[in-house]
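Colleague: Supplied in structure tokens, the structure appears directly below.
The values are calculated or read from the model by the stated rules, or taken from the named source; none is laboratory data. Here the structure is a predicted model, which means the values were calculated and not measured. A quick note on method: Cβ atoms are made from the backbone with ideal geometry, for glycine too, and the neighbour counts reach across all protein chains shown.
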Amino acid sequence: MKPTQVAIIGAGPAGLLLGHLLRADGIEAVIVERKSEAEVLARIRAGVLERTTTDLLHRLGIDARLNAEGLPHHGFMLADGERLIRIDVAALTGQSVTVYGQTEVTRDLVAAAPARGLEIVWNAADLALHGIDDATPALTFMRGGVAERLDCDFIAGCDGFHGPSRIAIPAALRQSFERVYPFGWLGILADVPPCHPELIYANHDRGFALASMRSPTRSRYYIQVPADEPIGDWPDERLWDELALRLGPEAAAAMTRGPAIEKSIAPLRSFVSEPMRHGRLFLAGDSAHIVPPTGAKGMNLAASDVAYLSEALIAWYSRGDDGTLLDYSRRALARVWKSERFSWQLTKLMHRFPGDGPFERRMQLAELDYIASSTAARMSIAENYIGLPM
Ligand code: APR
Ligand code: PHB
């Protein structure tokens, strides 16, 4: 292939956003993706966007559907199985979040790519990274049975948790921090109106539940289940019954049931790999860090990573300034760790952990009661929920 300036591995939110941010400044970028376009667009993920993320989409002008269909949310609910505690995000912070599915963000970014000169190579097999310690790195991969080579100035590893980029950094220079949670989230998507105008995160004796949405006519719900739970054990009716119990009487009374459009179990993990740069390779998004979905931070962190990274690459190409590039990992990780902390804290507060006894349960309830009664506690949650400053 014709050489490019920045070769991006992965067409998830991180890779797509980075590609567009670079193209907006005239930098050449090519995205190389292992899966087909249809497979990437079929992935269903979280749907709460921080201002930092929507600002990027506005700045890029890839916001027509976001403006028309995104739902501004000014608060959300924490439930303890009986009552709902409102976190009035707008009153506490003056800001709001936007409910708009990650699938839709991905769709919008893919659709805008050709007109902006952002090439995406789909179905790239056997991808390998070369020369990340040199000034002339490259990617090789197979496309339609043909061996390809993409020479570049920099490689952006936006290839998710299982991609090849992170492990291309020598093991001796890398440090990982990880917590795997002993449960997963069983999610259901259904074409029924949401049970509540705002999201409800519920901590119940029987475990966590979340009531979320994609639109006024499409709902997304989750319950905590053991990590090895067979999904066949959860026919739709059983899942609706369990949601009604865990979300509490008020939500249950307003809940409309319907057939699942999608149902799956996702594991929960906290993970950070340091550093996020080695030589000419830069990691962004899930390739460098994973958060449990409890704070809806996954895609927002991918967005802040690539905001920092695009700024640094633009400084390099426009002024030959490599200081910002060298500082990328430190800057990105400072925000990553704070989001890791928030996601972990909210996960601990809202889930039932195997081995927890009555004492741990009372601690959770006391903390929820404290949050209900303290503006300072609610403020701390709200400022993290809308996203800490970049
Ligand atoms: N070659 C090319 N592409 C690859 C390879 C490979 N060897 N391995 C993985 N990829 C691609 C995946 O197919 C996927 O499309 O990299 C992409 C990574 O995308 P995501 O997993 O979505 O990660 P990221 O863009 O960092 O997004 C982070 O979005 O996916 C969610 O849960 C995630 O919310 C988080 C946020
Ligand atoms: C979702 O709508 O899928 C969703 C919302 C909030 C979360 C996680 C997932 O914290």
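Colleague: Out of ALA128, ALA156, which single residue is loosely packed, with under 15 Cβ neighbours inside 10 Å and within 16 Å of ligand 1 (Cβ to nearest atom)?
Modeller: It is ALA128.
Colleague: Let me ask you something else. I'd like the full set of residues that are in contact with a Leu (Cβ under 7 Å, 6 or more places away or on another chain) and among the small types (Gly, Ala, Ser), limited to the stretch 286-301.
Modeller: GLY295
Colleague: Of everything in the stretch 231-252, what is of a type in the set (Gly, Ala, Ser) and surrounded by fewer than 18 Cβ atoms within 10 Å (Cβ to Cβ)? Give them in sequence order.
Modeller: Scanning the stretch 231-252 gives GLY232, ALA244, ALA252.
Colleague: Working only within the stretch 273-301, note down all residues that are part of a loop (DSSP other than H, G, I, E, B), closer than 17 Å to LYS348 by Cα and in contact with a Lys or Arg (Cβ under 8 Å, 6 or more places away or on another chain).
Modeller: Matches in the stretch 273-301: VAL291, PRO292.
Colleague: From (1) modelled with pLDDT under 95; (2) within 16 Å of ligand 1 (Cβ to nearest atom), pick out the condition that doesn't hold for ASP321.
Modeller: (2)
Colleague: On the given criteria, is ALA14 surrounded by 24 or more Cβ atoms within 10 Å (Cβ to Cβ) and in a helix (DSSP H, G or I)?
Modeller: yes
Yes/no per residue for (1) free of Cβ contacts under 8 Å to residues at least 40 places away in the same chain; (2) of a type outside the set (S, T, N, Q); (3) assigned to a helix (DSSP H, G or I); (4) closer than 18 Å to GLY94 by Cβ:
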residue: ALA332; (1), (2), (3), (4): no, yes, yes, no
residue: SER339; (1), (2), (3), (4): no, no, yes, no
residue: LEU346; (1), (2), (3), (4): no, yes, yes, no
residue: ARG362; (1), (2), (3), (4): yes, yes, yes, no
residue: GLU367; (1), (2), (3), (4): yes, yes, yes, no
residue: SER380; (1), (2), (3), (4): yes, no, yes, yes
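Colleague: Right, something else. Return the residues of the stretch 41-60 that are among the hydroxyl-bearing types (Ser, Thr, Tyr) and either within 13 Å of ligand 2 (Cβ to nearest atom) or crowded, with 20+ Cβ neighbours inside 10 Å (or both); say none if nothing qualifies.
Modeller: THR53, THR54
Colleague: Which of the residues belonging to the stretch 182-236 are in contact (Cβ under 8 Å) with a residue 60 or more places away in the chain, more than 30 Å from ALA366 (Cβ to Cβ), charged (D, E, K, R) and more than 16 Å from ligand 1 (Cβ to nearest atom)?
Modeller: Selection gives ASP191 alone.
Colleague: List the number of the failed condition for ALA38; all other conditions in (1) away from ligand 2 (no atom under 16 Å from the Cβ); (2) assigned to a helix (DSSP H, G or I); (3) buried (at least 17 other Cβ atoms within 10 Å of the Cβ) hold.
Modeller: With respect to (1) away from ligand 2 (no atom under 16 Å from the Cβ); (2) assigned to a helix (DSSP H, G or I); (3) buried (at least 17 other Cβ atoms within 10 Å of the Cβ), ALA38 is out only on (3).
Colleague: Being closer than 29 Å to THR217 by Cβ, modelled with pLDDT under 95 and in contact with a Pro (Cβ under 7 Å, 6 or more places away or on another chain) narrows it down to one residue among ALA46, ALA42; which is it?
Modeller: When all the criteria are applied, what remains is ALA46.
Colleague: Of the residues LEU189, LEU239, LEU245, only one is assigned to a strand (DSSP E or B), at pLDDT 95 or above and not aromatic (Phe, Trp, Tyr); which?
Modeller: The unique qualifying residue is LEU189.
To keep it simple, each residue is scored yes or no on (1) surrounded by fewer than 17 Cβ atoms within 10 Å (Cβ to Cβ); (2) under 20 Å from GLY101 (Cα atoms).
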| site | (1), (2) |
| --- | --- |
| VAL225 | no, no |
| GLU229 | yes, no |
| VAL272 | no, no |
| ASP305 | no, yes |
| ARG330 | yes, no |
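Colleague: How do the strands (runs of 3 or more DSSP E) wholly within the stretch 80-127 filter down when requiring 2 or more residues that are in contact with a His (Cβ under 6 Å, 6 or more places away or on another chain): which remain?
Modeller: Strands (runs of 3 or more DSSP E) meeting the threshold: 97-99.
Colleague: For the stretch 8-53: of the residues being within 11 Å of ligand 1 (Cβ to nearest atom) and hydroxyl-bearing (Ser, Thr, Tyr), which is nearest to PRO72 (Cα to Cα)?
Modeller: Once the filter is applied, the top-ranked residue is THR53.
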